[in-house]
1. How do Ile86, Ile44, Ile30 rank by accessible surface area computed with a 1.4 Å probe, from largest to smallest?
2. Please go through segment 30-84 and write out the chymotrypsin sites (Phe, Trp or Tyr not before Pro) that DSSP classes as loop and that have at most 13 other C-beta atoms within 10 Å.
Amino acid sequence: MCGPRHTLGGMSTSETSRFVRLRAELVLEITDSGALTSAALDRILADEFMPEDERGHAEAAVREDEAEALAYLVEPFDLVGDVPGIEVAQASWSSEEIEDYDPESVEWDLGGDLDGDDADGDAGDGREAPAPGA
């Protein structure tokens, strides 16, 4: 076993829940808008299951918005697809353009709890979060 077994009312977590919510947050810099848009358009064109009316809407959205292009290229299933012993039960993702990104701002510190209520200073899993600037 990799770590401590946490208990709830005398029951191990493996006895109370078989589902885990994994949250990840990334801030990405678009360095080549044309390449991103082109790759997204290629993905849409190659999607044999996408209805034609949806395809036209998707192509227009990708041409207008880099965040939409990125959303068409990101597959959360790829993140955990090779992890043994799990099966994805549900997934959702989105992307949005951010105008005011400042990597030095406390607002953009991704080291703590993604819900913003990380009062104990750990990374949400018992490990210490890295100190700002570390």
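The values are calculated or read from the model by the stated rules, or taken from the named source; none is laboratory data. As the structure is a prediction and not an experimental result, all values here were calculated from the model. Please note: Cβ atoms are built from the backbone with ideal geometry, for glycine as well, and neighbour counts cover all protein chains shown. These area figures cover heavy atoms from the full protein model, side chains too; ligands, DNA and RNA do not enter into them. Shrake-Rupley method; radii C 1.70, N 1.55, O 1.52, S 1.80 Å.
1. On the way: Ile86 95, Ile44 0, Ile30 70 Å².
So the residues, ranked largest to smallest area, are Ile86, Ile30, Ile44.
2. Working: sites: Phe49, Tyr72, Phe77; in loops: Phe49.
Loop-located and lightly packed - Phe49.
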